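First comes the structure, then the notes that go with it.
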Amino acid sequence: MITVYILCLVLFSVGLYCILRKRNLIKIIIGIGIMEYAVNLFFILSGYRTEGRSPIFASDQAIKNMVDPLPQAIVSTLIVIGLSLTLLIISIAIRIYEKYGTFDITRINKLKG
Amino acid sequence: MIEIHLILLFMIAAAIIAVEVKDLLSSVIAVGAVGIGLCMAFLVLKAPDLAIMQLVVEILSLIILIRATIRKDLPFSKSGRWVFNTLATVSFIAVFLTIAYVALKNLPAFGSGPMRVSKAYLDSAVAATGSKNVVASIIVNYRAYDTLGEVAILFTALIGILAVARRIGKK
């Protein structure tokens, strides 16, 4: 079942290609978002148990085998951090658009205020 | 576990569309599709808390991204060493995936992680914290400092957004 991990890393690579090759600021932000999704998914995949149940105790549970709750707790932190990163980077991009009139990173080259 | 493969293929297809499509608004909608696919993957992988959280976060960031891209379709320069840059990027990604394939063989197989730390949590969570949901008890009890750091990062980002996006005091 290594194909699941490989597919997850292919998703990561799509985001990496987007960051390295695209010249649009919004496309770069989208690439960062795709990489975040891939990393979150990799954490959850590494904590999965075959035939497991979600880590919530019930009074009449029949399946004793639970999935790993620790990656889920860590990923819930990662999701919020990813949201705040996306919001901050988009507000900077909107400000850059107001100043330069473009999202093209090859034309954003003036440092003078 | 065929469904997780299907969801992952859907996510990869939506991500490629998001990267390659010309129209920025379509690109943003496609990345929303990737996020919803991730939400479904969390449900399949038995993480319902994260599925709810991912849905809310996805919709929020989609709205903000649409605000940033609306009516801003601009032509982009294609000049530069296109062939060389693409070849370099693709070969780098190929090396990355090859090394990842070799390294992933040494991980525990999918579906049978060791769970050395979590065993203690699963055994003692209900007695120690009184919460039936083990994820909630880890977030707010065992690893509460982690959550404190998360809230600190969130508010720091909020201060940054206010400082960047504020109109008053620009001059």
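The values are calculated or read from the model by the stated rules, or taken from the named source; none is laboratory data. Bear in mind that the values here come from a model prediction, so they are computed numbers and not experimental data. Using ideal geometry, Cβ is built from the backbone for each residue, glycine included, and neighbour counts are taken over all protein chains shown.
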Among the residues in region B:146-157, are any outside any helix (DSSP H, G or I) and not β-branched (Val, Ile, Thr)? no
Got a number for residues in region B:1-56 being surrounded by fewer than 18 Cβ atoms within 10 Å (Cβ to Cβ) and not in a helix (DSSP H, G or I)? 4
Determine the pairs where a residue that is within 9 Å of A:Phe103 (Cβ to Cβ), located within region A:20-35, has a partner that is among the hydroxyl-bearing types (Ser, Thr, Tyr) with Cβ atoms under 6 Å apart, the partner being 6 or more residues away or on another chain. A:Arg23/A:Thr106; A:Ile26/B:Thr69
Tell me, which residue of region B:1-21 that is more than 10 Å from chain A (Cβ to nearest Cβ) and touching a residue at least 24 places away in the same chain (Cβ under 8 Å) is nearest to B:Glu58 (Cα to Cα)? B:Phe10
Between A:Phe12, A:Phe43, which is under 16 Å from B:Val34 (Cβ atoms) and within 12 Å of the chain's Cα centre (by Cα)? A:Phe12
Inspect all residues belonging to region A:99-110 and state whether any of them is buried (at least 17 other Cβ atoms within 10 Å of the Cβ) and free of Cβ contacts under 8 Å to residues at least 12 places away in the same chain. yes
I'm checking my understanding of the structure. Among residues of region A:15-24 that are in contact with a helix residue (DSSP H, G or I) (Cβ under 8 Å, 6 or more places away or on another chain) and surrounded by fewer than 24 Cβ atoms within 10 Å (Cβ to Cβ), which one is farthest from the other protein chains (Cβ to nearest Cβ)? A:Ile19
Buried (at least 16 other Cβ atoms within 10 Å of the Cβ), touching a Leu at 6+ places or on another chain (Cβ under 6 Å) and small (Gly, Ala, Ser): does that describe A:Ala73? no
Here are some residues: B:Gly111, B:Gly149. Which one is touching a residue at least 40 places away in the same chain (Cβ under 8 Å) and closer than 30 Å to A:Leu16 by Cα? B:Gly111
Of the residues in region A:57-90 that are small (Gly, Ala, Ser) and at pLDDT 90 or above, the one that is nearest to B:Thr129 (Cα to Cα) is A:Ala73
Failed condition for A:Leu83, given (1) touching a residue at least 12 places away in the same chain (Cβ under 8 Å); (2) outside any loop (DSSP other than H, G, I, E, B): (1)
